[in-house]
1. Apply the Karplus curve 6.51 cos²θ - 1.76 cosθ + 1.60, θ = phi - 60°, to the phi angles in segment A:75-88 and return the couplings in whole Hz, x for Gly and Pro.
2. Give the long-range amide H neighbours of B:Gln269: residues separated by 5 or more places, or on another chain, with amide H under 5 Å away, using H modelled in the peptide plane at 1.01 Å from N.
3. Tell me, what HN-Hα J-couplings in whole Hz come from the Karplus equation 6.51 cos²θ - 1.76 cosθ + 1.60 at θ = phi - 60° for each residue of segment B:321-326, using x for Gly and Pro?
4. What shape does chain A take by its C-alpha gyration tensor, where a ≥ b ≥ c are the square roots of the eigenvalues and a/c under 1.5 counts as rounded, a/b above b/c as prolate, and the rest as oblate?
5. Would you mind giving the mean number of other chain beta-carbons within 10 Å of the Cβ of each residue in B:360-370, as a whole number?
6. Taking the number of other C-beta atoms within 10 Å as the exposure measure, put A:Lys111, B:Lys322 in order starting with the fewest.
7. So for segment B:54-150, averaging the separation of alpha carbon pairs under 8 Å that are six or more residues apart and normalising by length, what relative contact order in percent results?
8. Averaged over its residues, how many other protein chain Cβ atoms are within 10 Å of peptide A:96-106's Cβ atoms?
Amino acid sequence: MQYRPNAAELLQTIADLLEVEVLPAVPPALAHRVRVAGNLARILERESRLGPAADRNEQHLLAGLLGHEGELADQRAELSRRLRTGEDRAFEAEAWQVLVEVVRADLAVAKPGHDRWEGS
Amino acid sequence: MTTAAARPDAGTGPSAGPDAGPGPGVGPAPDGSPDLAVGLADFLGTTWDRRVTIANLSSSSAGARRSNLLFDAQLDRPLDTGTGATTLHLVATILPTSEIQLNPITAEADVRGLAEQAGVPVPHIHAVCLDDSYVGGPFFVSDRVDGESVPRRVLRLVHEHGLGERVAAQMGEALGRLHAVDPALAPAELIDPGPGNPAELALAAADEAAAELLAPRPAISLGLRWLERHLPSPPPRRTIVHYDVRNGNLIVGPDGLRAVLDWEGARRQGDPMEDVAWPSLRMWRFREDEREIGGFAGREPYVAGYEAAGGTFDAERFHWWKVLGTLRWGLGLAGQAAAHLDGRFVNVVMAASGRRVPELEWDLLMLLRPDSMGGD
């Protein structure tokens with residue numbers, strides 16, 4: 001088993017280094033890419049903390065929607081197929097509710113706060 | 001527009017802006033060197049039959065694929081047409097030689113001229129050059145229009161001066177004037193998607209792009225099914241479409257909208273509601289989520305401006321194109337991640353695009369909310 005710092009802690013450290021020390025020191029042409037890299041480190045930090053539980057929850061939600069258990073990747077593939085060609089509006093409405101929750105969890109990793117907006 | 005475009009700042013996919021594209025340093029990086037000044041003086045001198053001196057040459061690329069050189073041209077006597085000035089404030093927009101253009105540069109210049117004649121605010125183009133030898137690539141020279149173009153600075157300016165409704169109205173009016181042009185007058189070389197129903201073509205392209213996804217995305221499948229079920233009939237009138245009007249392709253000053261830029265993706269014919277919907281997407285509001293049009297204002301002044309200029313606003317069709325545009329953008333981001341992973345375009349920004357897909361899925365799901373046809 002690895003010693004500390006754990007993945008989340010290291011990613012936090014890397015993000016801080018990139019944003020605080022590297023960014024001011026690079027040529028302007030590189031700044032945007034360094035910012036993006038720092039942001040990716042923060043995304044990965046959140047993913048390492050939140051990802052496993054989010055995947056388990058998604059798996060649970062999809063099992064409820066599809067009516068059977070399965071590996072997450074398979075469930076998602078099945079749901080995609082059924083939604084693309086389906087005619088069952090009730091199923092689609094239920095899927096919409098589930099997907100809102102799934103994407104909300106994805107956003108907690110990828111971009112916290114993006115789900116504050118619920119308009120069109 | 002094609003989806004899943006590998007080029008990050010084409011008008012057809014996730015393009016130049018604060019959060020998209022590979023950023024500065026990719027592509028040609030002119031530095032205002034003496035060779036460029038000589039090339040410009042040479043070309044303009046020949047074109048205008050004048051003695052031309054180039055001054056104050058500087059580069060303003062902001063990470064775009066094309067390079068923009070700002071400069072002053074001092075003439076020994078004024079042009080026959082124009083203001084009678086002997087110093088012109090100009091921009092040379094240089095295209096990379098290595099890339100296939102969406103439209104030939106001459107067609108792009110011609111459609112801008114057509115739009116200009118129709119009253120759309122667009123910087124006047126003085127000349128187009130296809131010869132690489134002057135500045136290293138094909139280029140055109142246009143009048144420099146001062147003002148802000150970086151989206152968040154535009155929004156700051158707009159809020160400082162209380163211009164939100166005016167700019168939204170001006171955007172609507174600009175599109176209305178463009179769409180009033182008889183498409184038969186469009187340059188012959190402008191990309192023509194053909195006579196098929198634009199919505200059907202766009203959905204087919206989106207389905208193709210979705211088939212390339214590296215992993216299934218149920219939200220995208222739900223969106224595609226919705227688009228199919230609600231497919232609009234062909235538009236009552238096809239028009240020239242700009243294809244990328246948005247906050248990010250505008251120049252705005254204290255007096256309002258001064259120019260609509262980036263005509264490289266224009267099409268000879270399309271559904272005008274596609275053009276009208278694009279600027280209203282959430283990603284072009286730059287966090288001013290409650291102001292539907294570019295973060296400037298809600299849709300009322302925008303629609304009013306569009307209709308005053310002769311356009312016909314169709315709310316249902318508009319909503320369909322909002323859904324399509326959101327989906328297309330998400331697929332484009334997914335395509336950028338794929339291009340990074342398979343080696344076509346290895347770049348951290350392209351890679352990061354894959355992690356932005358959930359943002360567009362959220363926006364898509366909100367648009368598909370059963371009660372969501374009103375403006376927000």
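Each reported figure results from applying straightforward, stated rules to the coordinates on display, with no laboratory input. In this text the structure is predicted, and so the values were computed from the model without any measurement. Positions of Cβ are backbone-derived with ideal geometry, glycine not excepted, and every protein chain shown enters the neighbour counts.
1. Along segment A:75-88, the couplings run 4, 5, 5, 5, 4, 4, 4, 5, 6, 5, 10, x, 10, 8 Hz.
2. Long-range HN contacts for B:Gln269: B:Val241.
3. Karplus values, whole Hz, x for Gly and Pro: 5, 5, 5, 4, x, 5.
4. Numbers: a/c = 3.18, a/b = 1.96, b/c = 1.62.
Note, shape of chain A comes out prolate.
5. Values: counts 2, 7, 12, 6, 2, 9, 7, 2, 5, 5, 2.
That works out to 5 on average.
6. On the way: A:Lys111 17, B:Lys322 25.
With the sparsest Cβ surroundings first, the list reads A:Lys111, B:Lys322.
7. Details: 157 pairs, mean separation 22.7, N = 97.
The normalised contact order for segment B:54-150 reaches 23 percent.
8. On the way: counts 7, 1, 1, 11, 7, 0, 5, 13, 3, 1, 7.
Counting Cβ atoms of other protein chains within 10 Å of each residue's Cβ and averaging gives 5.
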